[in-house]
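K.L.:
Attaching a single structure in structure tokens format; questions to follow.
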Amino acid sequence: MHRPTKRLTRTLVCAAAVPAVLVVAGCSSGSGSGSDGSAKDSGAKSSATTAAEKTRKPAPVTYTSLPRACSALSKKTLGDLVPKGDRKAGSSDDESTRASCSWSSLDNKGVKGSQYRWLNVSLVRFDSDLNRGSGAKLAADYYAKQVADAKGTDGAKHVKASDAAVKGGDASTLVQYDRTYKDDSGKSKKKDGKSGKSEDVTSREQTLVTRLDNVVVTIDYNGSGLAGEKTPDAGDLAKDAKKAAEEVAAAVMKDGKGGKDGKGGNDGGSGESPSPSKSSTSSKSSAKPSPSASPSASKDAKKQ
């Protein structure tokens, strides 16, 4: 009688243990299913983010090309600012994003002295970039740099900066200063008829920087009196610089939106934009003789 009782006890114990095993197995199975779901959700979100990034495009820009720098000013304006001036086009890998042109003029009045003028026009256009920002923002940064560079010109004296209201410009700044250089450009005769020697000449310089949305226009204009001629008035030079800036700005607004040359940019397309560090960013460094545009420097330029 005792043996059947033991067997029954063992059977009940074993039967009681079975549900516990099933419960543990059920919990384990449920936990694995939730983990797989989270992974799938995360993967889906990642794919959606990647797809969204691929469809992102740089912001459209207002100006997609530039006017030709050497044709941006009228003959009348050039005749007033640089009479019978010699022209020199600046070098550029892509004239739809960067262009420049300069003129030098020496009005020789013999024993009465001479008047020298130098004018440089520089245009830089920026496309929007997904990483660096919109074309307008990049242009604003470059505009600020151009103004700061003008203020910090080596050898500059009596530096003065002021707002300049250039028609069509979003922002304009005029920087005025004087520089002194040695003139040995042929040693023209002085008023007393004697042969001249190298002389210290004061150059009155004007740098007018204007931003039109994603384009920056920089006008450099300076003048000096040689062999006894008077140093030109800074106020008159500033008016002439503003006149030039407004003409170039008008050319940008007319031809910069996929204009006559058909050199339109990418309307924000490639996302690449000219970088100041990759090319001649300052009109002074790219075209302007150092330490100052002078008659001797212009003569050297003619020989090239």
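Bear in mind these aren't lab numbers, they're just calculated from the coordinates by the rules spelled out. Since we're looking at a predicted model, the values are computed, not measured. Here the Cβ positions follow ideal geometry from the backbone for every residue, glycine too, while neighbour counts run over all protein chains shown.
K.L.:
Taking 0.36 nm per intervening residue step and subtracting the Cα-Cα distance, what contour gain separates residue 184 from residue 154 on full extension? If you can, show how the numbers build up before the last one.
P.N.:
Details: separation 30, 0.36 × 30 = 10.80 nm, distance 2.06 nm.
Length gained, residue 184 through residue 154: 8.7 nm.
K.L.:
Can you list the residues, at least 5 places off or on another chain, whose amide H is less than 5 Å from the amide H of residue 164, using H built in the peptide plane?
P.N.:
Amide H neighbours of residue 164: 172, 173, 174.
K.L.:
Another question about this same structure. Hey, can you rank 74-86, 91-103 by average C-beta count inside 10 Å, highest first? Working shown, then result.
P.N.:
On the way: 74-86: 15.0, 91-103: 19.6.
Sorting 74-86, 91-103 by mean packing, highest first, produces 91-103, 74-86.
K.L.:
Output the pairs from 76/145; 84/145; 75/239; 76/254; 160/257; 157/242 with a Cα-Cα distance over 27 Å in this structure; if there are none, say none.
P.N.:
Values: 76/145 31 Å; 84/145 33 Å; 75/239 17 Å; 76/254 19 Å; 160/257 34 Å; 157/242 21 Å.
Flagged as over cut-off: 76/145; 84/145; 160/257.
K.L.:
Report the extension gain between residue 71 and residue 111 in nm, rounded to one decimal, defined as 0.36 nm multiplied by the number of residues separating them, less their alpha carbon distance. Don't skip to the end; give the middle numbers.
P.N.:
Numbers: separation 40, 0.36 × 40 = 14.40 nm, distance 3.47 nm.
Here the answer is 10.9 nm.
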